[in-house]
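Below is one structure, written out as structure tokens, with a few remarks after it.
The values are calculated or read from the model by the stated rules, or taken from the named source; none is laboratory data. Being a predicted model, the structure only gives us computed values, none of them experimental. Cβ placement follows ideal geometry from the backbone for every residue including glycine, while neighbour counts extend to all protein chains displayed.
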Amino acid sequence: MDQDRTPGEQPEEKPEEQPAREPGGRADDEQVAGRPEAPEPAEEPAPAGEPEPAGEPEPAGEPEPAAEGPAAELPPSDEPPVSEWVEEPSGKPAPPSDARRRLKAALWPPRISRGQLVVALLLCSLGLALAIQVRSTNDHSQLRGARQEDLVRILDELDSRQQRLQQEKSQLEQSLAQLENSSNQAKEAQEQTKKKATELGILAGTVKATGPGIVLTVDDPQGQVKADMLLDTLQELRAAGAEAIQINDVRVVASTYFTDASGGGVQIDGKNVSQPFRFTVIGNPQDLTPALNIPGGVVRTLEKQQARATITQQQKVVVDALATPTPPQYAKPAAK
């Protein structure tokens, strides 16, 4: 036949023979039986918060007849059942079941009521009381099991310790009393020293003074009052108990002196004092006034010199002029 073909003529292709298929599709069934069935995707559970819609009940029908033929006799597959698969076809792990979620929600976060908290506190208190009771019982049990000699020794030690503590208490009380006395004595001595310094300052003219007294004003329009008359007036006031004296703006102290100025007038401690002469005196007014008004005294002498003396008693007199103290040149403190 090849020889009968003319040049340029292609040989005819014979159709491939397909295997004959038996009635009932046995060949296809055998091929299907050789492949494993594809796993069905697992159904995702509905969310816990949304209830699943109730489906309509399927009508009860006749049971499906068992498959007949070669498909019913397929060999068992080695693949695990769909319910035992861990992952879905998409590769994501299956979500936890509803029971696990409900258990987790019930356990966390813990919900503690007020009653449970009160019960817990009562149980803790009861446990602490039991522990203290057991400990005290153990301590007493040690003393119960001790011998008589040990008990006597313990009592002696307690007595000795009590005596030592009592002695320490007495010593501390004595020390406290001494400190209080010394503190009080030191404070009292300090107050006495301060008071004495103030008194000496008043006498020395270095401290201001105030108190009851008199104010003596001498007017001398004729200019007949001399230094000796002012000195006599000062001596009378001192003799009557004057404690602080000030003439105009000059403080009178133990070293005060009076002189007649060359141009007229009087000088006190080197300072010119102009008229009227004003004596500010602190002392008992009931003693100072009569001492000046006695017959032949200061007031009568000033009146003879055409001068006028005026005495005013006051309950509060202020002597505010201060003297500058000068250290003694020859006097020294004597040894005891």
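Below is a table of values for the structure above.
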quantity	calculated
When residues of region 269-306 are limited to those that are part of a strand (DSSP E or B) and in contact (Cβ under 8 Å) with a residue 24 or more places away in the chain, the one surrounded by the fewest Cβ atoms within 10 Å (Cβ to Cβ)	Arg278
Subset of region 310-336 [more than 14 Å from Val253 (Cβ to Cβ) and part of a strand (DSSP E or B)]	Thr310, Ile311, Thr312, Gln313, Gln314, Gln315, Lys316, Val317, Val318
Positions within region 212-263 being closer than 12 Å to Leu288 by Cβ, in a strand (DSSP E or B) and of a type outside the set (A, V, I, L, M, F, W, C), in sequence order	Pro212, Gly213
Some residue of region 274-281 being among the aromatic types (Phe, Trp, Tyr) and modelled with pLDDT of 90 or more	yes
Filter result for Gln313 (at pLDDT 90 or above and touching a helix residue (DSSP H, G or I) at 6+ places or on another chain (Cβ under 8 Å))	yes
Region 239-257, residues that are surrounded by fewer than 16 Cβ atoms within 10 Å (Cβ to Cβ) and not acidic (Asp, Glu)	Ala239, Gly241, Ala254, Ser255, Tyr257
Candidates Ala197, Ala186 - the one that is under 30 Å from Arg278 (Cβ atoms), among the aliphatic types (A, V, I, L, M) and surrounded by 10 or more Cβ atoms within 10 Å (Cβ to Cβ)	Ala197
